[in-house]
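Structure first, commentary second.
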């Protein structure tokens, strides 16, 4: 039985330490939920890290929560649903799991990566996220397990999800795009966050590499200018 905590005279919420997961183990923080939901596919784990890490390295001026494999408690009567990636704006990491009643809202984006035909991404999971009323639900099906479409984007309108052909998520100011390239040593097609002009959000390593290239280009331009000045009989060191 879930223990209730008194918040005011007429409003109760479940105690997070008493919430039960599908395997009947209490979940009391983000780390424990991650340990209970291991990722057994190497590329799958990389895709999750790419989506999460690029948000934290690129959106440093914003307050948000981005996590992989963290359970969302939306009612005390059901076990949590665990999206592969979630994004929630204007919230910070709490002491406990993502309880919708604690934050006062669901995540803006929930994302599932299809690994087989039995995950229910377009069936039961869609219905649950629709019930939770997450603003956007994204299904990435890289191996086309569920049909010809690689990417499904659903937007909540009223009480229902509607699939949209738009990959721009207007309510969060971000989009998603497929990107061919290398991440953590693996060349592949990846799902990535992007700005409205299609530019992808950079990871920390990509940002450092880009800054290194810009610094090298600046050094090369300075050296070229110095060589031209010397050719004109001017010592650049005296300027």
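If only one of 127, 149 is more than 25 Å from residue 43 (Cα to Cα) and in the same structural domain as residue 193 (by TED's automatic domain parsing), which one is it? Give the derivation first.
Numbers: 149 fails: more than 25 Å from residue 43 (Cα to Cα).
None of the other options fit; the residue is 127.
For region 135-145, how many residues are under 23 Å from residue 45 (Cα atoms) and surrounded by 18 or more Cβ atoms within 10 Å (Cβ to Cβ)?
Filtering region 135-145 for residues under 23 Å from residue 45 (Cα atoms) gives 136-145.
After this cut, where a residue has to be surrounded by 18 or more Cβ atoms within 10 Å (Cβ to Cβ) as well, the list is 136-142.
Number of matching residues: 7.
Quick one: is residue 83 crowded, with 20+ Cβ neighbours inside 10 Å and at pLDDT 90 or above?
Working: crowded, with 20+ Cβ neighbours inside 10 Å: yes; at pLDDT 90 or above: yes.
So residue 83 fits the description; yes.
Taking the criterion of being touching a helix residue (DSSP H, G or I) at 6+ places or on another chain (Cβ under 7 Å) and surrounded by 13 or more Cβ atoms within 10 Å (Cβ to Cβ), would at least one residue in region 166-179 satisfy it? Walk me through how you get there before you give the answer.
Our first condition is that a residue be touching a helix residue (DSSP H, G or I) at 6+ places or on another chain (Cβ under 7 Å); within region 166-179, this holds for none.
No, that holds for no residue.
Which one of 192, 207 is touching a helix residue (DSSP H, G or I) at 6+ places or on another chain (Cβ under 7 Å) and surrounded by fewer than 17 Cβ atoms within 10 Å (Cβ to Cβ)?
Details: 192 fails: surrounded by fewer than 17 Cβ atoms within 10 Å (Cβ to Cβ).
Residue meeting the stated conditions: 207.
Considering only strands (runs of 3 or more DSSP E) fully contained in region 134-239, which possess at least 3 residues that are closer than 29 Å to residue 100 by Cβ and touching a residue at least 24 places away in the same chain (Cβ under 8 Å)? Quick ask: steps written out before the conclusion?
Numbers: elements: 136-140, 151-157, 160-164, 174-183, 186-194.
Filter on region 134-239 gives 136-140, 151-157, 186-194.
The values are calculated or read from the model by the stated rules, or taken from the named source; none is laboratory data. Predicted model only: the values in this text are computed from it and were never measured. Methodologically, a virtual Cβ is constructed for each residue, glycine included, from the backbone with ideal geometry; neighbour enumeration extends over all protein chains shown.
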